[in-house]
Amino acid sequence: MTISAPLSLRPGIACALPQTAMVLAAGLGKRMRPLTATRPKPLIDVAGRSLLDRALDGVAAAGIEHAVVNAHYFADQIEAAVKSRRQPAQIDVSDERALLLETGGGIAKALPLIRGDSFFTINSDNMWIDGAQDTLRLIAARWNPDEMDALLLLVPLARANGYEGRGDFHMDGSGCLTPRGNLKIAPFVYSGLQIISRRLFDGEPAEPFTMWRAWHKALAQGRMFGLSHAGLWFHVGTPASIAETEALLQDV
């Protein structure tokens, strides 16, 4: 999600953008019940706009013309919401009605729809607010396929609004990541936004598995990096978090 000036009014970032952004929108939203009894979590409104629309607004504002959205729970509603949009210029739906595939499996199934050797993925229940520049373009400018297979936008744990965990990653001065592992806490939280290489999913079947299967491949080769987010970020995971997020947005 972006709450920011139009791209043309912000400092430009010259970079090569991935051709596709995939928005992960197939989950059951169990922690968001009872709001998800009749609609999928990505279609829940925060400050008058759905989580899915906010993610796709960010994709369009960055200048990316192609998006893929996966759908399982109330998939018809997701499809209808996508069809009602004019931007990005093309949005394809990856149908997971038959089987919910989790984050990694959902990407593996969607690969035939995804363009290019690398692409964005965006968790639809996480919202970001740009800092001085467009966040997606900042990530794209940092992306280096010669040394990276995954570049994650991270949020300092102390600024992770709505997040209830203990952090996900440590990051060194070069941006190289290591997982929290058995440590009690880690200083950075995965924001739900990344650029990832298609090759991490080569040979992977369209079966349920998490993003960690792909990330472990990148970690093993020292090709997993992070970038700290300079703006605000919110995890919208429960009904209570909606009101909390809306209250914080009033001060933006």
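Values in this text are rule-based calculations from the coordinates and carry no lab data. The shown structure was predicted, so the numbers you read here are calculated from the model rather than taken from an experiment. With ideal geometry, Cβ positions are generated from the backbone for all residues, glycine too; neighbour counts draw on all protein chains shown.
Look at Met171, Met22, Met211 and count the other Cβ atoms within 10 Å of each Cβ; fewest to most, that gives Met171, Met211, Met22. In the elastic network of the chain, a GNM with C-alpha springs shorter than 10 Å, the most mobile of Asp92, Asp134, Asp172 is Asp172. Once C-alpha pairs closer than 8 Å and six or more residues apart are averaged by separation and normalised to the residue number of the chain, the relative contact order reads 25 percent.
Take the Cα coordinates of segment 115-175, assign each an equal point scatterer, and use the Debye formula without solvent to give log10 I(q)/I(0) at q = 0.22 Å⁻¹. For segment 115-175 at q = 0.22 Å⁻¹, log10 I(q)/I(0) is -1.22. When only Cα pairs below 8 angstrom with a gap of at least 6 residues are kept, segment 114-216 shows a relative contact order of 38 percent. Here Ile185 and Lys30 are evaluated by their C-beta separation; at R0 = 25 Å the FRET efficiency comes out at 0.45.
Computing Rg and Dmax of the Cα atoms in Å for the structure here picks out one of (1) 16.9, 47; (2) 17.6, 55; (3) 22.6, 74, namely (1).
Let me have the 222 nm mean residue ellipticity of the chain computed from DSSP H runs of 4+ only, each contributing -39500 (n - 2.57), with the sum over all residues rounded to the nearest 500.
Helices in the chain give a 222 nm mean residue ellipticity of -6500 deg cm²/dmol.
Step by step: find N for segment 131-252, compute 2.2 N^0.38 Å, then divide the Cα radius of gyration by it. What's the final number?
For segment 131-252, the normalised Cα radius of gyration is 1.13.
When His170, His216 are sorted by how many other C-beta atoms sit within 10 angstrom of their C-beta, beginning with the fewest, the order is His216, His170. For the chain, the number of Lys pairs separated by eight or more positions or lying on different chains, with C-alpha atoms closer than 29 Å, is 9.
Note on Glu244, Glu102, Glu204: ascending count of other Cβ atoms within 10 Å places them as Glu244, Glu204, Glu102, the fewest first.
Here segment 18-249 carries DSSP beta bridges of which approximately 50% are antiparallel, counting only pairs with both residues inside.
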